[in-house]
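Report on one structure; see the data block that follows.
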Amino acid sequence: MSWQAYVDTSLVGSGHVDKGAIISVAGDSVWATSSGFTVQPAEMKNIVDILNAQADVVSKAQADGIHIDGERYVLARIDGRSLYGRKGRTGICIAKTKQAVIVAHHGEAQVAGNATQTVETLADYLIKAGY
């Protein structure tokens, strides 16, 4: 399956996520993305640094929030390979695999827990597949 198919089918196609992207674990390239959903280079680098538990970056993110697609989200939780952010009734779910980082956004009409489960399930699948 192509990276774009994972975004279109596994993430957005689930109905629990309204847009998403898959980026490299180095935070230097976008492998696939939903139309109109842009994770900027500085945003990718910041996500990867947070997931790699760089203490100064994590502290800054906890104080200032994280930015995805130009929007600021309050960092709600960092949990090992994953992080979650909230902005009102919308949010982001991010999970790291061996080679990729899955970034997903859920809208107001979607349940955060369902979006989280969708992202974590895809991450587990990719890890088992060697990615």
Exercise. Give the residue, chosen from 102, 92, 78, that is modelled with pLDDT under 95, within 14 Å of the chain's Cα centre (by Cα) and either aliphatic (A, V, I, L, M) or closer than 19 Å to residue 34 by Cα (or both).
Key: 78
Quiz prompt | Of all residues making up segment 87-131, the number that are of a type in the set (Ser, Thr, Tyr), closer than 24 Å to residue 74 by Cβ and without any contact (Cβ under 8 Å) to a residue 60 or more places away in the chain | solution = 2
Practice problem: Within segment 89-97, identify whether any single residue is farther than 18 Å from residue 54 by Cα and surrounded by fewer than 17 Cβ atoms within 10 Å (Cβ to Cβ), and answer yes or no. | Solution: yes
Self-check item: Subset tally (residues that are within 15 Å of the chain's Cα centre (by Cα) and among the aliphatic types (A, V, I, L, M)) for segment 1-17
Solution: 4
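Give segment 18-39 a look and list any residue that's part of a loop (DSSP other than H, G, I, E, B) and either closer than 19 Å to residue 81 by Cα or over 13 Å from the mean Cα position of the chain (by Cα) (or both), or say none. Write out each step before concluding.
First pass over segment 18-39, keeping only residues part of a loop (DSSP other than H, G, I, E, B): 18, 25-29, 34-39.
Answer for segment 18-39, where residues must be part of a loop (DSSP other than H, G, I, E, B) and either closer than 19 Å to residue 81 by Cα or over 13 Å from the mean Cα position of the chain (by Cα) (or both): 25, 26, 27, 28, 29, 35, 36, 39.
The values are calculated or read from the model by the stated rules, or taken from the named source; none is laboratory data. Predicted, not measured: the structure shown is a model, and the values here were computed from it. Note that we place each Cβ from the backbone using ideal geometry, even for glycine, and neighbour counts take in every protein chain shown.
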